[in-house]
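Colleague: Quick one: the structure is below, questions incoming.
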Amino acid sequence: MLDQGSLHRAEWDRSINKSHTIIYEKSSMPVRNAHFERLLDVLFDQTCIENMVSSTIPAKKETETKTLKKCLKSILWHLYRAFTIDQDCYVQISLSSNSYKVKDELNPHRIPRRIVDVVHRLHEAGIIDMKIGFLDRGVLYGRRTRIRASVKFLSELGSLPRPINADPVPPPAILFRDKETKKPISSNFFMKSTNVTKITELVCSYNDMMLGRKITLDGISGDLAAWENKKGEFTTIDLSKKFISAVVHCSNDGLGYFRMHGAFWQFMPSGYRHLVRVDGEKTACLDYSSQVLNIAASLNGYQLPEDAYNIDLGNFFINSIDTKNLIKSAVVIFLNTSDKKSGYGALRSALRTTYTNGSFPVRLTNKFFDQVVTHLVYNYPFLEQYLLKNHGHDFFAEDAEIARSIIKEFLDHDKVVLPIHDGFMFTVSDRDLLHETMHKVWRDRFGTVIQIKEE
């Protein structure tokens, strides 16, 4: 519990770090904890939320009261989670009633739109600080509302035990998205697809297994962790997100993409992945080397050399390391963009992010990027049919199929593998199994050989 001196300092030192936030998740609720439930009851009475009940019919009044208390529990839970990171951490939460549809597949607890009213009541009661709109318009942190425990409520959160963990709820196995807008769409028609049914069974089996496994970070006792990057911005990950969903993009041309998303280790900075533990055992990571380029080559019956990104650009100002960084970024970006304008713009932005203060050794002009494309096609003629023609989803579908095959093999052995798109985390005792499986799956699918590297 915070003492009065701490509270006094907090009152004057509340952080305004724009990135110091966690995201409100409709799917997240705590495991049952007596201390938490007691604070919930006290807060419910203290803020007179029961006065918000409009029904006079006993049965409906009881239902409405439970609904409002569920909303309060969800908010209190997120305030607590933010507090465990730092007393000044915000919760980003939408106050749009359209964000809370009880039939939404991503809303398993059926959090209703009345949560918006509860947020306002907590603010009126002085339980939370609330900032609506831009915190800093200049750096574009967005308009989503941010809330955090007020100074007077910090001691109440500080009295709760640590950690109180999230009650894990697997997400839907398949998430259908419009290919162009990426917005969710109805699954009723697409669920009839044989391929969708097969993938659903696999993802459900994987998530069922993960329910019984402990995926943790060494040195972290709770299920939230945050890192500060070089810009002083915080990245927060939720360790209770140990499940995956296959994202399916739908269009008139059919279904595509099928990549698996949602697990916390997929969002971690690579430099911290060595901290991941599976049931207490250390992990490591194996990656396919130059995967997207190897997929394009293999689909055209071409065996790539070992160091596929080592291309001579004929420019004496660029060393081999910068050349490989450039070629790797160029291949990925040019396969995922539809024309020079978008492709060159995206590559320029990516390089300027990596090489700050204009430190890339040559000017990033369109003429220079034309030369990069020319050298790519000269070295790998099969790329001409793909570059700057928006073929990325074709390759995503291929790497997703590879990932599912590897996951299935590990499920058959009752082993855990953690997919990261072009790589996989594994317990160190399973290194040989994963290495052999990755080679076998690739060889069976493409008939070529690919290098595998360990992080």
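Colleague: For segment 146-212, what is the largest minus smallest coordinate of the Cα atoms on each principal axis, given in angstrom and ordered from greatest to least?
Modeller: 55, 34, 16
Colleague: When only the heavy atoms of the protein chains count and the probe is 1.4 Å, how do HIS123, HIS391 rank by accessible area, highest first?
Modeller: Reading off the accessible areas and sorting them downward yields HIS123, HIS391.
Colleague: Next question. In the neighborhood of ASP422, defined by Cβ-to-Cβ distances under 10 Å, what is the net charge if each Lys or Arg adds +1 and each Asp or Glu adds -1?
Modeller: Net charge around ASP422: -2.
Colleague: Same structure, new question: Would you mind checking the tilt of helix 58-85 against the longest principal axis of the Cα atoms of the chain, expressed as 0 to 90 degrees and rounded to 10?
Modeller: Helix 58-85 sits at roughly 60 degrees to that axis.
Colleague: Ok, one more. Please list the radius of gyration and Dmax for segment 56-179, considering alpha-carbon atoms only, with Å as the unit.
Modeller: For segment 56-179, the Cα radius of gyration and maximum Cα-Cα distance read 16.3, 51 Å.
Colleague: Expressed as a rounded percentage, what relative contact order does the chain have, with Cα pairs under 8 Å and six or more residues apart?
Modeller: Relative contact order, the chain: 14 percent.
Colleague: Taking 0.36 nm per residue of sequence separation and subtracting the Cα-Cα distance, how much length would be gained by fully extending the chain between VAL31 and GLU401, in nm to one decimal?
Modeller: 129.7 nm
Colleague: Under unit Cβ charges (Lys, Arg +1; Asp, Glu -1), what dipole magnitude, rounded to 20 debye, does the chain have relative to its Cα centre?
Modeller: Using only the charged Cβ atoms, the result is roughly 1360 debye.
Colleague: With n ≥ 4 as the cut-off for DSSP H runs, can you work out [θ] at 222 nm for the chain, using -39500 (n - 2.57) per run divided by the number of residues, rounded to the nearest 500?
Modeller: -12500 deg cm²/dmol
Colleague: Right, something else. Which of the peptides 76-86, 275-285 is most tightly packed, and how do the rest follow, judged by the mean count of other Cβ atoms within 10 Å per residue?
Modeller: The peptides rank, most packed first, as 76-86, 275-285.
Colleague: Using 7 Å Cα-to-Cβ label points, what is the ILE452/SER221 separation (nm, one decimal)?
Modeller: Here the answer is 3.8 nm between the modelled labels.
Colleague: Excluding VAL102 itself, what net charge comes from residues whose Cβ is under 9 Å from its Cβ, given Lys and Arg +1 and Asp and Glu -1?
Modeller: It works out to a net charge of +3.
Colleague: While we're looking at this one, here's another question. How would you rank 253-265, 298-310, highest first, on the average number of other Cβ atoms within 10 Å across their residues?
Modeller: Put in order of decreasing packing, that is 253-265, 298-310.
Colleague: Let me cross-check ILE244: its accessible surface, 1.4 Å probe, with only protein heavy atoms counted, in Å² to the nearest 10?
Modeller: 0
Colleague: Provide the FRET efficiency to the nearest 0.05 for the ASP444-LYS341 pair, computing r from the beta carbons and using R0 = 51 Å.
Modeller: Given R0 = 51 Å and the Cβ-Cβ separation, E is 0.85.
Colleague: With r defined as the distance between the Cβ atoms of LYS101 and HIS435 and R0 fixed at 45 Å, what FRET efficiency is calculated, to the nearest 0.05?
Modeller: For LYS101 and HIS435, the calculated efficiency is 0.50.
Colleague: Taking the mean number of other Cβ atoms within 10 Å as a proxy for protection, how do you rank 351-361, 403-413, 420-430 from highest to lowest?
Modeller: 420-430, 403-413, 351-361
Colleague: What's the lysine pair count for segment 312-455 at a Cα cut-off below 22 Å, pairs eight or more apart or interchain?
Modeller: 18
Colleague: With equal scatterers on the alpha carbons only and no solvent term, can you work out the Debye log10 of I(q)/I(0) for segment 264-333 at 0.21 1/Å?
Modeller: Relative scattering, expressed as log10 I(q)/I(0), comes to -0.97.
Colleague: List the pair-distance distribution P(r) of the chain, using every Cα-Cα distance, as the percent of pairs falling in each 10 Å bin from 0 up to the bin containing the longest distance, rounded to whole percents.
Modeller: The percentages, shortest bin first, are 4, 17, 25, 25, 18, 8, 3, 0, 0.
Colleague: Roughly how much of CYS89 is accessible, in Å² to the nearest 10, using a 1.4 Å probe?
Modeller: Approximately 0 Å² of CYS89 is accessible to the 1.4 Å probe.
Colleague: Starting from the eigenvalues of the Cα gyration tensor, five times each then square-rooted, give me the equivalent ellipsoid semi-axes of segment 224-297, largest first, whole Å.
Modeller: One finds semi-axes of 28, 17, 15 Å for segment 224-297.
Colleague: Work through the residues other than ILE215 whose Cβ is under 14 Å from its Cβ and net out their charges, Lys, Arg +1 and Asp, Glu -1.
Modeller: Overall, the nearby charge balance is +3.
Colleague: Could you tell me the calculated FRET efficiency between HIS261 and LEU364, based on Cβ-Cβ distance and R0 = 25 angstrom, to the nearest 0.05?
Modeller: For HIS261 and LEU364, the calculated efficiency is 0.25.
Colleague: A further question on this structure: By what distance, in whole Å, do the Cα atoms of segment 364-419 stretch along each of the three principal axes, largest value first?
Modeller: 53, 22, 20
Colleague: State log₁₀ I(q)/I(0) for segment 310-414 at q = 0.14 Å⁻¹ as given by the Debye formula over alpha-carbon point scatterers of equal weight, solvent excluded.
Modeller: These q points yield log10 I(q)/I(0) values of -0.61.
Colleague: Using only Cα atoms, find the angle between the long axis of helix 115-124 and the longest principal axis of the chain, and express it within 0 to 90 degrees, rounded to the nearest 10.
Modeller: Helix 115-124 sits roughly 60 degrees off the main axis of the chain.
Colleague: Normalised by the residues of segment 333-442, what does the relative contact order come to in percent, with Cα pairs under 8 Å and at least six apart?
Modeller: For segment 333-442, the relative contact order is 28 percent.
Colleague: Cα convex hull of segment 310-364: how many Å³ per residue?
Modeller: 81
The values are calculated or read from the model by the stated rules, or taken from the named source; none is laboratory data. The shown structure was predicted, so the numbers you read here are calculated from the model rather than taken from an experiment. Here Cβ is always computed from backbone atoms with ideal geometry, including for glycine, and neighbour counts include all displayed protein chains. Areas reflect the complete protein model, heavy atoms only, side chains present, ligands, DNA and RNA absent. Shrake-Rupley method; radii C 1.70, N 1.55, O 1.52, S 1.80 Å.
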